[in-house]
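Encoded as structure tokens, the structure appears first; notes follow it.
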Amino acid sequence: MIWRLSGALLRALLMAALVVTPALILSGPGEDTGQFVILIALMAGVLTFLEYRAAWPVVVEFRDAPPFNRIRFVALFATVTALALIFRGDETPSTLTRLLVFVGTRVSGFLDFPYSPVRLVAITLTDMVDPRTLEQARVAAGLSYLVSILMLVALAGAMWRRGWPLTREGFNVWVNLPVFDPAAGGDLVRRVDRDAQVNLILGFLLPFIIPAVVRMVAGAVDFALLASPQALIWVVAAWAFLPASLLMRGMALMRLAHLIAAQRRREAGDGALGHV
């Protein structure tokens, strides 16, 4: 009970810190970070605390299968912090901000080819922000996609080196996939594998779909908000993080389907009744 409570509290504080970090970096010490940002941070912290405080699962997947959610959190935290430092470098440049701009510029240049996500980011924002902000967004997009790639590599490494998601306690499908009903009907392996393929396809297509959707609604929606560095940070971070998160989920589900199928083959070979 104490460990669950302390763990939930720590995760809530970390989630709240994630939300306010860009505002704190950009506003500088002693300046108001904004009541709206504080409200969102409190809501994120409370929801996280309630989710991890509960004995039974609610919505967070792979809750008891580390390091899946830890990899995602670290990647998102690193992304928004790095992007905030890039934008802050305009006013108060430092060695760290110059290094991040250098890395982001090199990565965005490498990824800036026809129909690439970085090129689509630049094309989409061309008429919405000024040239200086557009260049910063291009650098931010390159850095964001680099972190997303590292996030996928980290999960692949956990699967290969540690045999994720298997642990000494095993893998509880109900706890770690609360929105997935194993008893809904149909073959479990085929359903998990189908969901994995859907997530992989969406994760691959989303970086190309989002710019098209933004351009389609550009005439009906006022995107002047993107001139704000904080808003642009979250837009670019989500642009890279959401597809990578879907790819991670697809990889995890495909791994789970493979493990269930392997377990069934072993039990069939032993003459045992199939059991998940």
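Taking each residue of region 144-163 that is assigned by TED's automatic domain parsing to the domain that holds Thr105 and looking for partners that are surrounded by 17 or more Cβ atoms within 10 Å (Cβ to Cβ) and among the polar types (S, T, N, Q) with beta-carbon atoms closer than 6 Å, six or more apart or interchain, yields Ser144/Thr79; Val147/Thr79.
The one condition from (1) on the phi > 0 side of the Ramachandran plot; (2) surrounded by 16 or more Cβ atoms within 10 Å (Cβ to Cβ) that Val101 does not meet is (1).
Exactly one residue out of Phe180, Phe204 is at pLDDT 90 or above, among the aromatic types (Phe, Trp, Tyr) and under 23 Å from Leu247 (Cβ atoms), and it is Phe204. Taking (1) modelled with pLDDT of 85 or more; (2) outside the structural domain of Leu232 (by TED's automatic domain parsing) in turn, Glu31 satisfies each apart from (1). If you check Met248 against the conditions, is it touching a helix residue (DSSP H, G or I) at 6+ places or on another chain (Cβ under 9 Å), surrounded by 21 or more Cβ atoms within 10 Å (Cβ to Cβ), modelled with pLDDT of 90 or more and assigned to a helix (DSSP H, G or I)? Against the criterion (touching a helix residue (DSSP H, G or I) at 6+ places or on another chain (Cβ under 9 Å), surrounded by 21 or more Cβ atoms within 10 Å (Cβ to Cβ), modelled with pLDDT of 90 or more and assigned to a helix (DSSP H, G or I)), Met248 qualifies.
Leu83 meets the stated requirement of being crowded, with 19+ Cβ neighbours inside 10 Å and closer than 19 Å to Pro22 by Cβ. When residues in region 3-19 are screened for being basic (Lys, Arg) and surrounded by 15 or more Cβ atoms within 10 Å (Cβ to Cβ), 1 of them pass. For the criterion of being within 15 Å of the chain's Cα centre (by Cα) and under 29 Å from Val101 (Cβ atoms), Thr21 fails.
Looking only at region 143-162, residues that are of a type outside the set (A, V, I, L, M) and surrounded by 24 or more Cβ atoms within 10 Å (Cβ to Cβ) come to 3 in all. Pick from region 108-127 the residues that are surrounded by 13 or more Cβ atoms within 10 Å (Cβ to Cβ) and either free of Cβ contacts under 8 Å to residues at least 12 places away in the same chain or under 19 Å from the mean Cα position of the chain (by Cα) (or both): which of them is farthest from Thr21 (Cα to Cα)? Once the filter is applied, the top-ranked residue is Ser116.
Please go through region 44-58 and give me each residue that is of a type in the set (A, V, I, L, M) and under 14 Å from Met15 (Cβ atoms), ordered by number. Don't jump to the end; show me each part of the working.
Kept after step one, since they are of a type in the set (A, V, I, L, M), are these residues of region 44-58: 44, 46-47, 50, 54-55, 58.
Of everything in region 44-58, those that are of a type in the set (A, V, I, L, M) and under 14 Å from Met15 (Cβ atoms) turn out to be Ala44, Val46, Leu47, Leu50.
Beta carbons closer than 9 Å, at least 6 apart along the sequence or on distinct chains, never pair a first residue in region 197-216 that is not assigned by TED's automatic domain parsing to the domain that holds Tyr145 with a second that is among the basic types (Lys, Arg) and modelled with pLDDT under 85.
Please specify each residue of region 48-57 satisfying the condition of being closer than 16 Å to Leu5 by Cβ and of a type outside the set (Asp, Glu). Talk me through it step by step, then tell me what you get.
Restricting attention to region 48-57, the residues satisfying the condition of being closer than 16 Å to Leu5 by Cβ are 48-56.
Once the filter is applied, which keeps residues that are closer than 16 Å to Leu5 by Cβ and of a type outside the set (Asp, Glu), region 48-57 yields Thr48, Phe49, Leu50, Tyr52, Arg53, Ala54, Ala55, Trp56.
The values are calculated or read from the model by the stated rules, or taken from the named source; none is laboratory data. For clarity, every value in this text was computed on a predicted model and none was experimentally measured. Note that each Cβ is placed from the backbone with ideal geometry, even for glycine, and that neighbours are counted across all protein chains shown.
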